[in-house]
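The structure appears below as structure tokens.
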Amino acid sequence: MSTPENEMTSTHERTAAGTPQGPAGTPEGAATSPRNDTRDTHPRAHCGIGTDGRITFRLPPTTTPRPQLLLRLRPKKGRPETALHVLDLEPDPDRFDGHRQAVLEPHPVLDEGRWDVYLLPEPGAERRRLRPGLRDLRALVDGHLRDRPSPITARVPYVTKDGFLALRAWRRTAHAEARAIGVGDRALTVTARLHGAELREDATVRLRLRGTDTVRTLRPRADDDARSFSFTAGPGDLTVDGGGGGGIWDVFVRPAADAPPIRVARLLDDVADRKHVHVYPAIEADGSAFRPYYTVDNDLAIEVT
């Protein structure tokens, strides 16, 4: 049985030198990394995050008196910018050599999405992308163990594919945090915990076939705290009507019959993009393969091929 719950690696450890590793063990964005290209003039920013979600960005001295840090919500392709958040870069109280820092408080809550991080040498000046320095994310590693009130928010600094600093943010009214996924010979078992809601006696797990109105309903096994639960799904629950073909089942929990469904996902730790980090084997049964995976938004889904 595969249970990647215990396979988590701290992002702080993986990026202590500010250079994340790509799939083949080579530095992600190596072609533009300052370590590999002495012509790279993008400034670097260190950052650290606390258990309360407060993020501190630290930058080297600037030549302008009023530098700022700009967070830009990355728009969808072809869409205009819709959200910007500007922070003043103040003198770093722990340094006496001109270094600067900006603090992103837990409130106001950022919209869900990917936020690119820029330096504004002064208000109204042309923005400059920032390279990552040290990213201390140790406070996030066990974040899934702490109960969260509604709305549930999570923010993880990460490095983009082209080697720049960015911030992944989630904001949800309620959330079901996937904790462990066990893949057996004929079924998969998911263990999760609710945040911002409680399970009632009529709670259900709902598997929705993407792009259709087809929904399969399962009964969760709830713990006494009405928060933690598990469920098991087998080929009979995941086979597409009519047989043959494939599809993707998105996973939700409905805590009560009159409550809206809540997406099952894994958001509350230090991994910004887990699709290629937590990879699960497939169940081979009845001529099809059933494989759980995390989407680009870290939501749980089950692929049938």
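If you check 200, 193, 216 for being assigned to a loop (DSSP other than H, G, I, E, B), among the basic types (Lys, Arg) and either without any contact (Cβ under 8 Å) to a residue 60 or more places away in the chain or closer than 18 Å to residue 300 by Cβ (or both), only one passes: 200. The set of residues from the range 166-187 being over 15 Å from the mean Cα position of the chain (by Cα) and either of a type in the set (A, V, I, L, M, F, W, C) or under 17 Å from residue 140 (Cα atoms) (or both) comprises 174, 180, 181, 183, 187.
Here is a yes/no grid of residues against (1) part of a loop (DSSP other than H, G, I, E, B); (2) more than 30 Å from residue 226 (Cβ to Cβ):
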site	(1), (2)
107	yes, no
119	no, yes
144	no, no
153	no, no
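Looking only at the range 255-280, residues that are open to solvent by 60 Å² or more (accessible area, probe 1.4 Å) and either of a type outside the set (D, E, K, R) or out of contact with any Phe, Trp or Tyr (no Cβ under 9 Å at 6 or more places or on another chain) (or both) come to 6 in all. Within the range 270-293, the set of residues being under 25 Å from residue 156 (Cα atoms), in contact (Cβ under 8 Å) with a residue 60 or more places away in the chain and not in a loop (DSSP other than H, G, I, E, B) comprises 292 only.
Restricting attention to the range 79-122, the residues being closer than 17 Å to residue 55 by Cβ, hydrophobic (A, V, I, L, M, F, W, C) and either in contact with a Gly (Cβ under 6 Å, 6 or more places away or on another chain) or in contact (Cβ under 8 Å) with a residue 40 or more places away in the chain (or both) number 8. Got a sec? Which of 89, 130 is surrounded by 13 or more Cβ atoms within 10 Å (Cβ to Cβ), among the hydrophobic types (A, V, I, L, M, F, W, C) and closer than 23 Å to residue 162 by Cβ? 130 is the lone residue from the list that is surrounded by 13 or more Cβ atoms within 10 Å (Cβ to Cβ), among the hydrophobic types (A, V, I, L, M, F, W, C) and closer than 23 Å to residue 162 by Cβ. For the range 94-117, the set of residues classified as among the aromatic types (Phe, Trp, Tyr) and either under 21 Å from residue 196 (Cα atoms) or open to solvent by less than 20 Å² (accessible area, probe 1.4 Å) (or both) consists of 115 only.
The values are calculated or read from the model by the stated rules, or taken from the named source; none is laboratory data. All of these numbers come straight from a predicted model, not from anything done at the bench. Counting neighbours? That spans all protein chains shown, and the Cβs are built from the backbone with ideal geometry, glycine included. The accessibility values were calculated without ligands, DNA or RNA, using every heavy atom of the protein model including side chains. Shrake-Rupley method; radii C 1.70, N 1.55, O 1.52, S 1.80 Å.
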